[in-house]
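Written below as structure tokens is the structure these notes are about.
The values are calculated or read from the model by the stated rules, or taken from the named source; none is laboratory data. None of these values were measured; they are calculated from a predicted model. Positions of Cβ are backbone-derived with ideal geometry, glycine not excepted, and every protein chain shown enters the neighbour counts. Each accessible area value is taken on the protein alone, full model and side chains, heavy atoms only, with ligands, DNA and RNA left out. Shrake-Rupley method; radii C 1.70, N 1.55, O 1.52, S 1.80 Å.
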Amino acid sequence: MIDAAVFDLVPDNNETDLAALYEDGSMVIYHDQLLGHYQAQPLSQRIVGGSALQARDINNDGWTDLIAMSSAGLRLLINDHGKLLDGPAGPPEKGAMALVDLANRSLADVVVNGSIYRNMGNGKFERVNADSLLRGVAVAEADFDGDGRAELAIATTSGSVELAKNTSPVTNHSMRVRLEGVKNLKLSSGAVVEVKQAPGIKKELTMGHLYSLAA
């Protein structure tokens, strides 16, 4: 196995599935049957030269998608009500990647190989003309300074870790939620929080990612 991502193929079913990417490019979804049992479902798609796999709701439709790094760049698998379909062509760059909402738009942008691709919606991305970031071997996102904007921690080839501070001008508000498990996992990974912003408008947040809500 090269990489794996925990996600909910179908939201609100109280199950946490596992997507696995293997060296031969094959992918398998292991459906959570509860009590430690899983059912394997091989996917028809193959990720040639695959090196990384992440899960995120790319098109903001409430269904978690998969994003894989292939030899030709990013490959998008859009979750269409529980069925993973090939999405639009992703950014062609290869390297360490992170999915991060840089401007608090409730849309995950892509940072890959020192470049930023803005999420334009519907699985489409556009390269941003911004100062290039360091090209590291690994990238992680989190709100390190607590200002409601996601920063990037970049591991360089020399072994050092550099912090890229997010100074994007934003007008939306942010909210921090922290849950601790009582009888289950302490970090409450996979827990879902429903936030109601206005009548008829709600957003479901999966713990483990930084989300910002437009207000």
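Some points to look at:
- From the options L77, L9, residue that is touching an Asp or Glu at 6+ places or on another chain (Cβ under 7 Å), not in a strand (DSSP E or B) and not acidic (D, E): L9
- Picking from residues in segment 97-122 that are open to solvent by 20 Å² or more (accessible area, probe 1.4 Å) and assigned to a loop (DSSP other than H, G, I, E, B), the one that is farthest from L66 (Cα to Cα) is A103.
- Only residues that are free of Cβ contacts under 8 Å to residues at least 24 places away in the same chain and touching a Lys or Arg at 6+ places or on another chain (Cβ under 7 Å) were counted in segment 7-64, giving 1.
- Restricting the first member to segment 76-87 and to residues that are within 18 Å of K124 (Cβ to Cβ), and the second to residues that are among the polar types (S, T, N, Q), the beta-carbon pairs closer than 6 Å and six or more apart or on different chains are N79/T64.
- Only one of the listed residues (D61, D3, D8, D17) is open to solvent by less than 10 Å² (accessible area, probe 1.4 Å) and among the acidic types (D, E). That residue is D17.
- Note on segment 93-144: residues that are within 21 Å of S160 (Cβ to Cβ) and polar (S, T, N, Q) amount to 3.
- For segment 137-170, filtered to residues that are part of a loop (DSSP other than H, G, I, E, B) and in contact (Cβ under 8 Å) with a residue 40 or more places away in the chain, the residue that is nearest to K94 (Cα to Cα) is V137.
- Some residue of segment 135-156 being polar (S, T, N, Q) and within 17 Å of S168 (Cβ to Cβ): no
- In segment 34-49, of all residues being over 16 Å from G87 (Cβ atoms) and touching an Asp or Glu at 6+ places or on another chain (Cβ under 8 Å), the one that is least open to solvent (accessible area, probe 1.4 Å) corresponds to L34.
- Filtered by the rule that a residue be out of contact with any strand residue (DSSP E or B) (no Cβ under 9 Å at 6 or more places or on another chain) and on the phi < 0 side of the Ramachandran plot, segment 105-128 gives a lone residue, K124.
- Output for segment 139-148, where each listed residue is over 18 Å from Y117 (Cβ atoms) and open to solvent by 40 Å² or more (accessible area, probe 1.4 Å): F144, D145, G146, D147
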